[in-house]
Amino acid sequence: MTYCVGLYLDEGLVMLSDTRTNAGVDHISTFCKMQVEEIAGERMIVLLSSGNLAISQAVWNRLQEGVWLDGQQHTLRDVPTMFRAAQLAGAAVRAVFDADGPALSAQNIAFDIALLLGGQIGGQPQRLFMVYAAGNFIEATADTPFLQIGEHKYGKPILDRALTSATTLADGVKLALISMDSTLRSNLTVGMPLDLLVYREGTQRVALRRRITEDDAYFRAVRDGWSNSLRDAYRAMPGPDWVPG
């Protein structure tokens, strides 16, 4: 399993993914689930993936080599809009399903994949999409400024309570890391290290890409500070006066 989250903020995008893959309790590996297509000053597109690793890698390779869309072959380096990029990612997912779906079904293996696709092309608006296994997709908006794939339930409450589209990039990074830490503590199928990307709106280039390991000083400060703050908040709340002493 995995956990990936994308934040759609007025200032830009924050994208965060774990790196753990599981093929049983005795076979745990580390793979980067973040792929970036960047032509500095012209486009920046980032793709996060969850689900079956072989399917995710096949989809990314097809996006690199070219996928047929409306009678023409395209890659993420030449699609004209982010909407077309999302359509292309969906077409790549369907192409992999057509090629591998029957063989997977014969082995009782589910066709399991989900993608987060975010970025900006030229002077068009930045956009963030979630692509499903059927190849269809939804888009983040100012009213719903984050999307998640994988083990999302543990990290969602903090984002629901604290995140808005007006959140700064710096605070967005903090909230994404708290969301990830909550997931790491509750689900062993999500694991370190983490891959973080920050994109500033209007730049068409990656502002920050960072591999966060267990010994990262800031991440340690975030997870310790959040745990301590939760304990302090719980202790500061009054107890129920209807519980007998």
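Of everything listed in (1) within 30 Å of residue 111 (Cβ to Cβ); (2) under 16 Å from the mean Cα position of the chain (by Cα); (3) hydrophobic (A, V, I, L, M, F, W, C), the single unmet condition for residue 163 is (1). The residues listed here are 41, 12; of these, the one that is exposed (fewer than 13 other Cβ atoms within 10 Å of the Cβ), under 30 Å from residue 202 (Cβ atoms) and of a type outside the set (Phe, Trp, Tyr) is 41. Residues in region 184-197 that are surrounded by 17 or more Cβ atoms within 10 Å (Cβ to Cβ) and assigned to a loop (DSSP other than H, G, I, E, B): 187, 190, 191, 192, 193. Annotation for region 187-198: at least one member residue is at pLDDT 95 or above and under 21 Å from residue 141 (Cβ atoms).
Pull up region 204-245, narrow it to residues that are among the charged types (D, E, K, R) and in a helix (DSSP H, G or I), then point me to the one that is farthest from residue 44 (Cα to Cα).
If we take residues in region 204-245 being among the charged types (D, E, K, R) and in a helix (DSSP H, G or I), then 235 is farthest from residue 44 (Cα to Cα).
For region 126-158, the set of residues classified as buried (at least 18 other Cβ atoms within 10 Å of the Cβ) and of a type in the set (Asp, Glu) consists of 151 only.
Can you tell me which residues in region 196-245 are under 26 Å from the mean Cα position of the chain (by Cα) and among the aliphatic types (A, V, I, L, M)? Answer for region 196-245, where residues must be under 26 Å from the mean Cα position of the chain (by Cα) and among the aliphatic types (A, V, I, L, M): 196, 197, 198, 206, 207, 208, 212, 217, 221, 222, 230.
Every test in (1) more than 30 Å from residue 203 (Cβ to Cβ); (2) crowded, with 23+ Cβ neighbours inside 10 Å is passed by residue 48 save one, and that test is (1).
Going by what's in this entry, would residue 181 be described as of a type in the set (Asp, Glu) and either surrounded by fewer than 19 Cβ atoms within 10 Å (Cβ to Cβ) or in contact (Cβ under 8 Å) with a residue 60 or more places away in the chain (or both)?
On the way: of a type in the set (Asp, Glu): yes; either surrounded by fewer than 19 Cβ atoms within 10 Å (Cβ to Cβ) or in contact (Cβ under 8 Å) with a residue 60 or more places away in the chain (or both): no.
Criteria not met by residue 181.
Among the residues that make up region 44-54, is at least one of them in contact with a strand residue (DSSP E or B) (Cβ under 8 Å, 6 or more places away or on another chain) and more than 19 Å from residue 148 (Cα to Cα)? Full working, then the answer.
Keep residues of region 44-54 that are in contact with a strand residue (DSSP E or B) (Cβ under 8 Å, 6 or more places away or on another chain), which gives 44-53.
Checking which are more than 19 Å from residue 148 (Cα to Cα) leaves us with 44.
Checked against the condition, which is being in contact with a strand residue (DSSP E or B) (Cβ under 8 Å, 6 or more places away or on another chain) and more than 19 Å from residue 148 (Cα to Cα), region 44-54 yields at least one hit.
The values are calculated or read from the model by the stated rules, or taken from the named source; none is laboratory data. Predicted model only: the values in this text are computed from it and were never measured. Here the Cβ is made from the backbone with ideal geometry for all residues, glycine too, and neighbour counts use every protein chain on show.
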